[in-house]
Amino acid sequence: MNKLNTFRGPRSVLDYLNPDNNPPTPLVELPKELNPFFDDGVHIYAKLMNTLPLGNVKSLPSFNMLTEASKRGDLNNIDTVIENSSGNTVFSLAVIGKLMGINTTKAIVSNEVSAGKLKMLRLFGTEVIVNKEAICPDPKDKSSGIYKAKVWAKENNWFNAGQYDNTDNPSAHQKWTGNQIWEQTNGNIQIFVAGLGTTGTMVGVGKFLKEHNPEVQNIGIVRSPNNPVPGPRTRNLLQEIAFDWKSIVDHIETVGTIDSYRSSMQMCRNGLIVGPSSGFALAGLIKHLKRLKDKNALEQLRNEEGQINAVFIACDNPFPYLNEYFEYLPENEFPAIYNAELLNKKLQKDAQSLPALDVNAYELTINEAYLEIFEEDKNVIWQKILSNQEVLHRENVIVLDIRDQADFEHFQIPKAQNIELATLEQTAAQTAVGFTGKKVIVFCYRGNSSKIATALLRTQGIDAYTVMGGMIDWSKENHPRVRPDICKANMPIKFD
């Protein structure tokens, strides 16, 4: 380790990015305000991987995949790295690869990639290849980005890191992250928690900890279906992963969008600047601890001092996702803006969020919305969906879904129409013509943006209503929705 944290010479930046030359990333105990089990003798620690030089947990496996490939000679005469990724992995590969003499990195991204991610990739010098593939891609499908990256690498003498099945991914966390956590806790750790994405972090750290103490409980966190959180996967999407994470994980918890973003925001407000996937891991840990306490099972985990030490992975920072916090969390969770009229017009609109019309009188609960849309019982509607029968709305009712098109295609209410909010804002008058004489029930993710859409439509004379909780709560209530066959769960995985 470089004790003075000073790097010189032609390899200075690459040496700086090498985890062997840096102190361990911080392990910070959460204050009582963030730990509802503090009085139960549970100590919760955040392993702050966002403090790595490239600011994200994926930079470790990226560094390891490239350096180990170099040792094997796999990078000889290689001038291009290609990876199926739209985020931290491929931008980390681009930076590290360039420092190793590989000047070109290509990212295969979904055609539904966000504008923010595209800008980030291009900022870091990554060439972007947009790929049209299934919403829930099978890596064996020739249209999937994972498959194409492997094939194109062979055809063109490029290097495909292959984060989904490259064992240098989890071994990075076995080498560095697991080792650090063990030393930082003096081997006194009872619970380890990580979100399951590529599962590299869990497989690497979890394996290391189990080898040193088989009694350590590894808790994997997966996304609730239809609940967007950047990074982690749902149970079904784990089918893309080749690593044997199931032999490492002792228990699985499921966490949704709201808890992830709210938990992240609370940590940020208490001095830990971490993103939604970090909040996701903490929310899963809290959920698991509650389950153990309700079952009177905490006692079984206590160490000799009568305490429980739990560590979760904090993956990155919140800044790429700022807009999403305001999309998913209620307005009353943010401080007010005073004198907003002094801002320029665009900022005024963002600050005020809504047109002048008060839409509170036109807000429906999830169950009220269901009764406005359907005449038949929920079970009857589901049976029709499963048997491919036509599902009808009540007469003169339109379901308008203003989420992003990619999320709409992933799942939607039967016969819903999709118009993204940005498009609706530009075409409200023209759109309203087709809605004349109809009752329009407006859905977004959580029920915030749908207020804006409802107000816009009402100023055009349309009988529009916003739905509290949006599609996230609609899914939570298991109300009828349709989705592509490929996205339907086909992996028998046991959950606690």
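The values are calculated or read from the model by the stated rules, or taken from the named source; none is laboratory data. Just so it is clear, the structure is predicted and the values come from calculations on it, not from any experiment. Positions of Cβ are generated from backbone atoms using ideal geometry, with glycine treated the same way; all protein chains shown enter the neighbour counts.
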Working only within segment 213-237, note down all residues that are surrounded by fewer than 19 Cβ atoms within 10 Å (Cβ to Cβ) and over 15 Å from the mean Cα position of the chain (by Cα).
-> 213, 214, 215
Within segment 437-458, restricting attention to residues that are among the hydroxyl-bearing types (Ser, Thr, Tyr) and at pLDDT 90 or above, which residue is farthest from residue 258 (Cα to Cα)?
-> 454
Is it true that some residue in segment 168-190 is under 15 Å from the mean Cα position of the chain (by Cα) and either among the aromatic types (Phe, Trp, Tyr) or not in a helix (DSSP H, G or I) (or both)?
-> no
Got at least one residue in segment 133-146 being closer than 22 Å to residue 17 by Cβ, outside any strand (DSSP E or B) and within 25 Å of the chain's Cα centre (by Cα)?
-> no
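Conditions tested, residue by residue: (1) buried (at least 21 other Cβ atoms within 10 Å of the Cβ); (2) within 16 Å of residue 242 (Cα to Cα); (3) modelled with pLDDT of 95 or more.
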residue: 179; (1), (2), (3): no, no, yes
residue: 183; (1), (2), (3): no, no, yes
residue: 201; (1), (2), (3): yes, yes, yes
residue: 204; (1), (2), (3): yes, yes, yes
residue: 208; (1), (2), (3): yes, no, yes
residue: 211; (1), (2), (3): no, no, yes
Considering only segment 331-357, state which residues are surrounded by 11 or more Cβ atoms within 10 Å (Cβ to Cβ) and at pLDDT 70 or above.
-> 331, 333, 334, 337, 340, 343
Here is a list of conditions, (1) farther than 16 Å from residue 34 by Cα; (2) out of contact with any Pro (no Cβ under 7 Å at 6 or more places or on another chain), and residue 257 meets all of them except one; can you say which number that is?
-> (2)
List pairs: first in segment 363-383 and more than 15 Å from residue 443 (Cα to Cα) and surrounded by fewer than 20 Cβ atoms within 10 Å (Cβ to Cβ), second of a type in the set (Ser, Thr, Tyr) and at pLDDT 95 or above, Cβ under 9 Å, 6+ apart or cross-chain?
-> 378/370
Counting only residues in segment 391-407 that are at pLDDT 90 or above, out of contact with any helix residue (DSSP H, G or I) (no Cβ under 7 Å at 6 or more places or on another chain) and not aliphatic (A, V, I, L, M), the one surrounded by the most Cβ atoms within 10 Å (Cβ to Cβ) is identified as 396
Scan segment 438-467 for residues that are assigned to a loop (DSSP other than H, G, I, E, B) and under 20 Å from residue 394 (Cα atoms) and jot them down.
-> 438, 462
Check whether at least one residue in segment 149-159 is over 23 Å from residue 22 (Cβ atoms), part of a helix (DSSP H, G or I) and within 20 Å of the chain's Cα centre (by Cα), and report yes or no.
-> no
Members of segment 32-66 that are more than 23 Å from the chain's Cα centre (by Cα) and assigned by TED's automatic domain parsing to the domain that holds residue 313 = 32, 33, 36, 37, 38, 39, 40, 41, 42, 43
Is at least one residue of segment 300-318 surrounded by 15 or more Cβ atoms within 10 Å (Cβ to Cβ), acidic (Asp, Glu) and modelled with pLDDT under 95?
-> yes
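For (1) surrounded by fewer than 23 Cβ atoms within 10 Å (Cβ to Cβ); (2) at pLDDT 95 or above; (3) part of a loop (DSSP other than H, G, I, E, B); (4) touching a Cys at 6+ places or on another chain (Cβ under 7 Å), each residue gets a yes or a no:
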{"residue": "239", "(1), (2), (3), (4)": "yes, no, no, no"}
{"residue": "259", "(1), (2), (3), (4)": "yes, yes, no, no"}
{"residue": "263", "(1), (2), (3), (4)": "no, yes, no, no"}
{"residue": "268", "(1), (2), (3), (4)": "yes, yes, no, no"}
{"residue": "281", "(1), (2), (3), (4)": "no, yes, no, no"}
{"residue": "290", "(1), (2), (3), (4)": "yes, yes, no, no"}
Matching entry among 98, 58 (being at pLDDT 95 or above and either buried (at least 23 other Cβ atoms within 10 Å of the Cβ) or touching a strand residue (DSSP E or B) at 6+ places or on another chain (Cβ under 6 Å) (or both)) = 58
Just to be sure, is residue 95 in a helix (DSSP H, G or I) and in contact (Cβ under 8 Å) with a residue 12 or more places away in the chain?
-> yes
Any residue at all in segment 475-488 that is modelled with pLDDT of 90 or more and either assigned to a strand (DSSP E or B) or of a type in the set (A, V, I, L, M, F, W, C) (or both)?
-> yes
Do we find that residue 9 is over 22 Å from residue 315 (Cβ atoms), out of contact with any helix residue (DSSP H, G or I) (no Cβ under 6 Å at 6 or more places or on another chain) and outside the structural domain of residue 106 (by TED's automatic domain parsing) in this structure?
-> yes
Taking segment 68-80 and keeping only residues that are touching a helix residue (DSSP H, G or I) at 6+ places or on another chain (Cβ under 8 Å) and in a helix (DSSP H, G or I), one is left with 68, 69
In a helix (DSSP H, G or I) and over 21 Å from the mean Cα position of the chain (by Cα), is that true of residue 15?
-> yes
The listed residue being among the acidic types (Asp, Glu) and buried (at least 21 other Cβ atoms within 10 Å of the Cβ), out of 29, 68, 33, 83 | 83
